[in-house]
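Structure record follows, encoded as structure tokens.
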Amino acid sequence: MTEPIHQMLAARDLLPAEHFLDSGYPSAELIVAVKRNFGVALVTPVLLNSSPQARAGAGFDRTAFTIDWDKRQAVCPRGSTSTWWSPASQRGTPAIVVKFDKQTCQACPVRDQCTRSRTGGRSLSLQPRERQEALDQARAEQTSERWRTKYGTRAGIEGTIHQAVAVTGMRRARYRGLPKTHLEHAFSAVALNLLRLDAWWNGHPLDRTRTGHLARLDLSLTA
């Protein structure tokens, strides 16, 4: 869904350096494709590592392994090298399966922190190099306070969308045909700008701070 938007911006020479998206869009494939085709960096939260080790916050997840893409090998935290590297397809998506020798893993003193298999060795599932490196970088960046502060810009975007829907009802067009719909959107944007200018000039907040149900109940009991 992002490609038509970027194509239109590119045709007008209006492509941004960064494009802020919500969590419904990101994938390693999209991040790589947008950067390669348009030179735009997507600022968006990506899905975290879903391995048992990562979910538990204990043991050795994928990031504990060093990947040597040129030699087509992975090195585990204890220094052992993988013995199997094979391209594969997982749910229709290109992947790389990496395996470690089962005898080496069985004798490892930290085996319980690495794999739940009792008979086999540790295995890893990787995306193709460009996608995996982009995904690893995005996951590392989004844990930093600097990234969280930057992504806070998205809150203003969500607020604008909410105001547009609540005030102008932009989810449904009132007229048929693209020219009339475009005109309606233009008038809606003008109306929102006037509302925001009025709020800015008069020092009024654009919206009330939301109070949750439990908080309201607590306040009523206190009163």
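The values are calculated or read from the model by the stated rules, or taken from the named source; none is laboratory data. Keep in mind the model is a prediction, meaning the values are calculated, not measured. Counting neighbours? That spans all protein chains shown, and the Cβs are built from the backbone with ideal geometry, glycine included. Side chains are part of the model used for accessible areas, which takes the heavy atoms of the whole protein and leaves out ligands, DNA and RNA. Shrake-Rupley method; radii C 1.70, N 1.55, O 1.52, S 1.80 Å.
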At q = 0.11, 0.19, 0.23, 0.24 1/Å the base-10 log of I(q)/I(0) from the Debye formula over the alpha-carbon atoms of the stretch 74-186 is -0.67, -1.03, -1.17, -1.22
Starting from the amide H of residue 42, placed 1.01 Å from N in the peptide plane, find each other amide H under 5 Å away whose residue is 5 or more places distant or on another chain.
-> 19
Beyond 29 Å (Cα-Cα) in this structure, taken from 71/102; 150/180; 35/99, we find 150/180; 35/99
Using alpha-carbon pairs under 8 Å, 6+ residues apart, how would you state the relative contact order of the chain in percent?
-> 13
Stretched fully, the stretch from residue 201 through residue 81 gains (0.36 nm per residue minus C-alpha distance, one decimal, in nm) 36.7 nm
Working out 0.36 nm times the residue gap between residue 63 and residue 48, then minus their Cα-Cα distance, what length gain in nm do you get to one decimal?
-> 4.2 nm
Dipole of the chain, positive direction: furthest Cα of 190, 66, 107, with charges on the beta-carbon | 107
In debye to the nearest 20, the charge dipole size for the chain, taken about the Cα centre with +1 at each Lys and Arg Cβ and -1 at each Asp and Glu Cβ, equals 600
Non-local residues with an amide H under 5 Å from the amide H of residue 121, with H modelled 1.01 Å from N and Pro and chain starts lacking one, are 102
For residue 143 and residue 123, FRET efficiency with R0 = 35 Å and r from the beta-carbon atoms, rounded to 0.05?
-> 0.85
With the charge dipole of the stretch 82-208 built from beta-carbon charges (+1 for Lys and Arg, -1 for Asp and Glu) about the Cα centre, the Cα from 126, 147, 201 projecting farthest to the positive end belongs to 126
Descending packing, highest mean Cβ count within 10 Å first, for 105-115, 144-154 is 105-115, 144-154
Rg ratio (alpha-carbon, reference 2.2 N^0.38 Å) - the chain | 1.44
Taking only Cα atoms, what is the 0 to 90° angle, nearest 10, from helix 178-202's long axis to the longest principal axis of the chain?
-> 80
How big is the charge dipole of the stretch 96-170 about its Cα centre, in debye rounded to the nearest 20, if each Lys and Arg gets +1 on its Cβ and each Asp and Glu gets -1 on its Cβ?
-> 320
Computed lengthening from residue 171 to residue 2, 0.36 nm per intervening residue step minus Cα-Cα distance | 59.0 nm
Heavy-atom accessible area per residue of the chain, all protein chains kept, 1.4 Å probe, expressed in Å², is 71
What is the local net charge at residue 185, summed over the other residues whose Cβ is closer than 13 Å to its Cβ (Lys, Arg +1; Asp, Glu -1)?
-> +3
